[in-house]
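For reference, the structure discussed in these notes is given below.
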Amino acid sequence: MYQYKRSSELFDEANKYIPGGVNSPVRAFKSVGGTPVFIEKAKGSILTDADGNEYIDYISSWGPMILGHAYPKVIEAIKEKVEDSTSFGAPTELEIDIAKLIVEMVPNIDKVRMVNSGTEACMSAIRVARGYTGRNKFIKFEGCYHGHADSFLIKAGSGASTFGVPNSPGVTPGTANDTLTARYNDIDNVKQLVAENKDEIAAIIIEPIAGNMGCVLPKKGFMEELRTLCDQEGILLIFDEVMNGFRLARGGAQEYLGIKADLVTFGKVIGGGMPVGAYAGPDEIMKVVSPLGPVYQAGTLSGNPIAMIAGYTLLKDLNENPQYFTELEEKTEYLHKGLDKVLAESGFDYKINRCGSMISVFFTDVDVLDFDTAATANNEKFPQFFHEMLKRGIYLPPSSFESYFLSNSLTYEMLDKTIQAAKESLEAMK
Ligand code: PMP
């Protein structure tokens, strides 16, 4: 039986010094209840907590650990690099190496600017789009999360949905005014917003495969229609690939879906587990970025050598081993089939959405296509399932508005163990 004695003590202590005891809200287990598990270390797909309990990890640090924790090549590269100092605030050759590699892997981009998080990447991409088009407004989709910059905290997904604060205090009405929200997968809704704000919209930003309302896939034709609409109206289409990038395929969602974006943002995998984000696009648009152009964007630690070597090493490995993406997709499909079987046997209402190595189980009887349908699964079943799985050594995302992220370090034995745990968990929930 799992004991959480040390985690519980640590959480009490953490609450004295850190708001809510955590440095990012979803970690507090607020939507599932109970004590958050404090992690001590991890190797491959196995997490070890402060009480010595072990778990099979389906979060992968929310994406970056696509080849497993403490991936030997990445760890070795960091160790070697760290001896040469941890930051210069001056250009390095390594920044050219990673930029070249990203431009080689990702379609339709000429230049890439490194930042320190997915939030910064998306915030900067919006600024570039505004600077380039000379327009102020942008459209985002309800349930999509693009980081915690003010202009995105309007009907955002992820933790913002879990906590029911889609419109966060601290975001001014002026800021909110320039953020228009549309229903994901509803092209008519987007067209209507565009018509009502003719020549005022700089960009449409979207998670091509959404992960922040659980995993939600674009309907056939939706992305194509968005692309056409943007072309017709002089709007930039921004793919927020913070989750999708270097996960769905070498070239991310653009390659996976065969759709061209005007700007792309990255985070997570791109940093190999270090704090990194990036935005990228063709020369024609990126030429507005400072110091080439007038759109200002900077960072004391941007291009940090330790972060760059971690990201570069991981991306290079993914680039040289395209079979990793196929293996990962096959493993996720195996899990999908296994979960589908035990869920069907359980008699509970459920839907499973999957794309590549992103997958979500929704306890609902409606197809999950957008935020409203995803929200029907935010019910009492989810926390029950979460805790039953946790007790059986399976670490799932602690919110129904999150996707699982698989890692290629998962073995078929681990997947079988997970499916068996799901069977027992569903039995226990009856
Ligand atoms: N965009 C997407 C699609 C994300 O999933 C996230 C984070 N989960 C972000 C942006 C923000 O990234 P970060 O947390 O690194 O600021």
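Any read-out appearing in this document is the output of simple, stated calculations on the displayed coordinates, not a laboratory observation. All values reported here derive from a predicted model rather than from experimental measurement. Virtual Cβ from ideal backbone geometry, glycine too; neighbours counted across all protein chains shown.
Brief remarks on what is shown
- Each Lys and Arg contributes +1 and each Asp and Glu -1, all at the Cβ; summed about the Cα centre of the chain, the dipole is approximately 400 debye.
- Karplus-based coupling profile of segment 104-116, in residue order and whole Hz: 6, 7, 9, x, 6, 10, 10, 9, 9, 10, 7, 10, 10, with θ = phi - 60° in 6.51 cos²θ - 1.76 cosθ + 1.60 and x standing for Gly or Pro.
- log₁₀ of I(q)/I(0) at q = 0.15, 0.17, 0.20, 0.22 Å⁻¹ - segment 196-292, Debye sum with one point per alpha carbon: -0.64, -0.81, -1.07, -1.22
- Each peptide in 292-301, 190-199 was scored by the mean count of other Cβ atoms within 10 Å over its residues; highest first, the order is 190-199, 292-301.
- Against the empirical curve 2.2 N^0.38 Å, the C-alpha radius of gyration of the chain lands at a ratio of 0.96.
- Mean projected area (nm²) of the alpha-carbon convex hull when segment 72-320 is viewed from all directions: 13.3
- Percent antiparallel among DSSP beta bridges (both partners in segment 72-320, rounded to 5): 35
- Over every Cα atom in segment 65-187, the radius of gyration and the widest Cα-Cα span, Dmax, amount to 18.6, 52 Å.
- For residue 45, the residues whose amide H sits under 5 Å from its own are 69, ignoring neighbours fewer than 5 places away on the same chain, with H placed 1.01 Å from N.
- Of 73/331; 73/268; 41/337, those spanning more than 19 Å from alpha-carbon to alpha-carbon: 73/331; 41/337
- Evaluating kT/(6 pi eta Rh) at 25 °C and 0.890 mPa s, with the Kirkwood radius of segment 272-430 over Cα pairs in the Stokes-Einstein relation, gives 132 µm² s⁻¹.
- Separation in nanometres of the label points that stand 7 Å from Cα toward Cβ, at residue 323 and residue 54: 2.6
- DSSP beta bridges fully contained in the chain are about 55 percent antiparallel.
- Using a cutoff of 8 angstrom between alpha carbon atoms and counting only pairs six or more residues apart, the relative contact order for the chain works out to 22 percent.
- Linear extension gain, residue 186 paired with residue 70, 0.36 nm per residue minus alpha-carbon span: 37.7 nm
- Residues of segment 297-321 with amide N under 13 Å of the 7 Å Cα→Cβ point at residue 82: 306-307, 310
- Summed residue charge, Cβ within 15 Å of residue 62's Cβ, Lys/Arg positive, Asp/Glu negative: -2
- Distance violations [Cα-Cα > 27 Å] among 30/81; 155/220; 111/316: 30/81
- Segment 203-280 and segment 313-359 have Cα centres spaced 19 Å apart.
- Size check on segment 1-160: the Cα extents along the three principal axes, sorted descending, read 57, 43, 29 Å.
- Partners for residue 219 among aspartates and glutamates (Cα-Cα distance below 15 Å; same-chain residues under 8 apart left out): 186, 188, 207, 367, 370
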